[in-house]
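Everything on this sheet refers to the single structure shown next.
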Amino acid sequence: GPDSVDGWLNRLAAAELGASDQPFLDARDRSVDLGGARVQLSPLEFGVLNTLAAHPAAPVSRADLLREVWGTGYDGGSNTVDVVIRSLRKKLGAVADRVETVRGVGYRLR
């Protein structure tokens, strides 16, 4: 995890490569490390962020997010994904702009 020696070494190497502002996802406790500040995420927020991270720089449609995060049988409202994205951005704070809206398509992680 980010608090271990390996996490410290990863942050050190990332800083040398100029990538230290990249969020680090920890699946064990559904958290994200934002440069030393650990933020707990809900299962849905973590699922959305993890799905976006699995498709770097590629837009992911709302339908794909619903299928991958909520499951194929989800019958929720049309703005369900938007509500989770809004909550996720609020928790990400200074790096919230990395979750980018792609108008007419969905979202992507920059």
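Please treat every number below as a calculation from the coordinates, not as lab data. In this text, all values refer to a predicted model and were calculated from it rather than measured experimentally. No Cβ is skipped: glycine too gets one built from the backbone with ideal geometry, and neighbour counts run over all protein chains shown.
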Problem set entry | Estimated inter-spin distance, Glu100 and Arg38, nm [label 7 Å along Cα→Cβ] | 3.1
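Using packing as a proxy for protection, rank 58-64, 97-103, 84-90 so that the peptide with the highest average count of other Cβ atoms within 10 Å comes first.
84-90, 58-64, 97-103
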